[in-house]
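Worksheet for the structure shown next.
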Amino acid sequence: TLNISDGGSSLVEGEIITNIANWQPSIDRSDERITISQGNNDQSFTIPSGNLINEWNLKLGTTQPMELSIDAGAYESNIHIGDIQLKKFTIDDGASNSKVTFESVNRITMESLKYNTGASQVELFNLANANFKEMDFDSGAGSYTLDFNGDLQQDAEVSIKSGLSNMKIIIPSDMNAQIILSGGVNNVSLKGTWTVSSDKYRTQSSTGPRLDIDIDMGVGNLELISQESNSL
């Protein structure tokens, strides 16, 4: 399990608890980077049987901008980004059960937000608060919720590619947003008010920063929700 939340002036602090000797973390430090790794990451890495404990509880600093990269296999995560200033945020994982929440507006522009996952269950909340320019979400089979609530600060572009999956996209009804579908997905359900033209879906608002979302999805179920404030 991986839990991340806001910390203080230190770049990173917290604790990692495991009862597997080969899983003890290693920490590499330089003037501008900290890398925390589990085990030696060689090809003989195995998961033993028995009562396994592997808990990562980390707090990230809020006083300076940073880039955060998570590279994981099978895990559960609960990540809360509040006052953490993120220039770039990248997650690359395998079979995961992950929840990421952007609790307040990122005080700096995030150049890119990238999430690449396998067969997983992923929930991303208040994505507008991430204050990103570009977002890429690439997934295999699984269940995914992308919630774009929050305070959109600037024009932003999102690219979503997914295989056989259940995908839910939530957008505030008063946000200036357009979704373009490709890839042949035909099982699309709508909730709320949308303006539909061929494979283009627009919210009712045309003012303020614009959110453009391209979805390339072959087969699966896609639910588009235009959400009134506090309706869900």
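The values are calculated or read from the model by the stated rules, or taken from the named source; none is laboratory data. Treat the numbers as computed from the prediction; the structure is a model and nothing was measured. Reconstructed Cβ throughout: ideal geometry from the backbone, glycine too, with neighbour counts over all protein chains shown. When the accessible area is computed, the model is the full protein with side chains, heavy atoms only, and any ligands, DNA or RNA have been set aside. Shrake-Rupley method; radii C 1.70, N 1.55, O 1.52, S 1.80 Å.
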Report summary line: Only one of LEU152, LEU124, LEU146 is buried (at least 16 other Cβ atoms within 10 Å of the Cβ), under 27 Å from LYS191 (Cβ atoms) and touching a helix residue (DSSP H, G or I) at 6+ places or on another chain (Cβ under 6 Å), namely LEU152
Query raised in the report: From LEU152, LEU124, LEU211, LEU146, which residue is under 18 Å from PHE89 (Cα atoms) and either in contact (Cβ under 8 Å) with a residue 60 or more places away in the chain or in a loop (DSSP other than H, G, I, E, B) (or both)?
Result: LEU152
Requested in this report: Inspect all residues belonging to segment 197-210 and state whether any of them is among the polar types (S, T, N, Q), modelled with pLDDT of 95 or more, over 17 Å from THR117 (Cα atoms) and over 22 Å from the mean Cα position of the chain (by Cα).
Outcome: yes
Query raised in the report: Is there a residue being over 22 Å from GLY150 (Cα atoms), of a type in the set (Phe, Trp, Tyr) and either outside any strand (DSSP E or B) or open to solvent by 40 Å² or more (accessible area, probe 1.4 Å) (or both) anywhere in segment 23-44?
Result: yes
Report summary line: Per the filter on segment 74-95, residues in a loop (DSSP other than H, G, I, E, B) and open to solvent by 40 Å² or more (accessible area, probe 1.4 Å) are ALA74, ASP83, ALA95
Requested in this report: May I ask you to verify whether SER5 is at pLDDT below 95, closer than 30 Å to LYS133 by Cβ and part of a strand (DSSP E or B)?
Outcome: no
Requested in this report: Please specify each residue of segment 118-130 satisfying the condition of being modelled with pLDDT of 95 or more and of a type outside the set (Asp, Glu).
Outcome: GLN121, VAL122, LEU124, PHE125, ASN126, LEU127, ALA128, ASN129, ALA130
Query raised in the report: If a residue has to be open to solvent by less than 60 Å² (accessible area, probe 1.4 Å) and either under 15 Å from ALA156 (Cα atoms) or of a type in the set (D, E, K, R) (or both) to count, how many in segment 204-222 make the cut?
Result: 6
Query raised in the report: Does segment 189-198 hold any residues that are farther than 23 Å from LEU152 by Cα and open to solvent by less than 80 Å² (accessible area, probe 1.4 Å), and which are they?
Result: SER189, SER197
Query raised in the report: Taking only pairs six or more apart or across chains, which ones have beta-carbon atoms under 6 Å, a first residue in segment 180-198 that is closer than 18 Å to ILE170 by Cα and assigned to a loop (DSSP other than H, G, I, E, B), and a second residue that is open to solvent by 50 Å² or more (accessible area, probe 1.4 Å) and polar (S, T, N, Q)?
Result: ASN187/ASN221; THR193/GLN204
Query raised in the report: Looking only at residues in segment 215-231 that are in a strand (DSSP E or B) and over 14 Å from PHE148 (Cβ atoms), which one is modelled with the lowest pLDDT?
Result: GLY220
Report task. Can you confirm whether segment 166-188 contains a residue that is open to solvent by 70 Å² or more (accessible area, probe 1.4 Å), touching a strand residue (DSSP E or B) at 6+ places or on another chain (Cβ under 6 Å), modelled with pLDDT under 95 and not β-branched (Val, Ile, Thr)? Result -> yes
Query raised in the report: Quick one: is LYS133 at pLDDT 95 or above, charged (D, E, K, R) and over 18 Å from PHE102 (Cα atoms)?
Result: no
